[in-house]
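Read the structure below first, then the notes.
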Amino acid sequence: MTGSEGLKAVLIFLHLPKAAGSTLARIIERQYGQGNVLRLYESIRGEEVATLSPERKENLRALIGHFYFGAHIYVTRPATYITILRDPVQRIISHYYYVRREPSHYLYPAAQQLSLCEYVIHCGKAEPNNDQTRLLAGSEHALEDGTWSAEMLPAAKVNLRDHFSVVGLVEEFDRSLILFKRVLGWRSPFYIKQNVSRRHAGNGGIPEEAIRVIRTYNEMDIHLCAYARQLLDEQARLDGESLERELRLFRTMNAIFGRLNGIKAAAAGRLRA
């Protein structure tokens with residue numbers, strides 16, 4: 001897909017929970033205009049798109065949510081997907097501490113009462129374990145109770161290969177952004193990170209047994225992230241050194257963007273005071 005084609009197609013951002021999606025969602029809203037972006041975070045398959053008025057469908061430029069792969073069947077115009085995956089160990093750790101801070105989450109009582117290791121075992125084959133594979137495979141490959149099936153991993157790989165313009169990684173966030181920009185025809189996607197937890201960066205302080213259990217219960221996600229890295233590396237190699245030059249410039253300019261926004265926020269705070 002060329003940049004001009006990417007701008008014309010409806011973008012579907014399959015936002016995997018606890019994988020830098022809030023930051024990317026804000027970037028998408030700036031690229032396409034907030035009024036042209038539909039957020040469906042309570043959706044299961046994105047089926048709500050089918051109920052939109054003809055005018056709303058015509059103006060729809062991007063769709064964002066935690067829904068299963070497959071929302072494109074409800075879009076009446078050409079559509080393309082993007083997503084960004086995260087190292088499964090880091091994602092599960094982040095999910096656990098997020099749920100412990102959110103009393104409204106249905107897993108809050110379990111997260112409050114259980115250690116990280118116990119929590120992962122308690123969740124078993126359901127959320128959050130292997131969630132990246134589950135959502136990317138599509139609902140037809142998840143069991144009726146929302147748990148995983150053996151068909152999920154190969155289905156998720158096929159979907160990533162055949163339906164996603166770019167597959168990004170949290171660990172390669174800036175490089176992923178530049179590829180999104182090039183393939184989809186975006187303006188420079190400067191950003192300030194959203195919803196960043198300062199707790200438990202890396203695996204420091206996490207018991208080795210907990211990490212082992214997370215890996216055991218997220219084996220599909222581990223394999224899928226390795227495949228996503230392969231796809232990302234292949235796409236980056238096609239762009240060669242020009243991608244690396246643009247990436248270096250982007251990081252410099254984004255740092256300036258962050259400082260300027262910090263100055264602006266501080267000035268606004270002083271005016272309010």
* When the chain is modelled as a GNM with alpha-carbon springs shorter than 10 Å, which of 65, 35, 124 fluctuates the most? -> 35
* What's the extension gain from residue 58 to residue 143 if we count 0.36 nm per residue and subtract their Cα-Cα distance? -> 27.2 nm
* To do: Using R₀ = 41 Å, calculate the FRET efficiency as 1/(1 + (r/R₀)^6) where r is the Cβ-Cβ separation of residue 194 and residue 51; round to 0.05.
  => 0.90
* Asked: What length, rounded to one decimal in nm, is gained on full extension from residue 110 through to residue 22, with 0.36 nm per residue of separation minus their alpha-carbon distance?
  -> 29.2 nm
* To do: Taking the Cβ of each residue in 233, 162, 221 as the centre, tally the other Cβ atoms inside 10 Å and list the residues starting with the fewest.
  => 162, 233, 221
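Going by how many other beta carbons lie within 10 Å of each one, how would you line up 190, 13, fewest first?
190, 13
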* Percent RCO, i.e. relative contact order, over the chain, from Cα pairs under 8 Å lying at least 6 residues apart -> 23
* What residue among 184, 38, 224 has the largest mean-square fluctuation in a Gaussian network model of the chain, using Cα springs under 10 Å? -> 38
* To do: Please give the contour-minus-distance gain from residue 271 to residue 102: 0.36 nm per residue of separation, less the Cα-Cα distance, rounded to one decimal in nm.
  => 57.6 nm
* Structure fact -> Listed with the fewest Cβ neighbours within 10 Å leading, 37, 158 appear as 158, 37
* Using just the helices of the chain, give the 222 nm mean residue ellipticity in deg cm²/dmol: DSSP H runs with n ≥ 4 each add -39,500 (n - 2.57), and the total is spread over all residues, rounded to 500. => -17000 deg cm²/dmol
* Asked: How many angstrom lie between the C-alpha centres of the range 258-272 and the range 121-193?
  -> 35
* Asked: Which shape class applies to the chain: rounded if a/c is under 1.5, otherwise prolate when a/b exceeds b/c and oblate if not, where a ≥ b ≥ c are the square roots of the Cα gyration tensor eigenvalues?
  -> rounded
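Bear in mind these aren't lab numbers, they're just calculated from the coordinates by the rules spelled out. Every value quoted in this text rests on a predicted model; they were computed, and no experiment measured them. All Cβ positions, glycine included, derive from the backbone under ideal geometry; neighbour counts span all protein chains shown.
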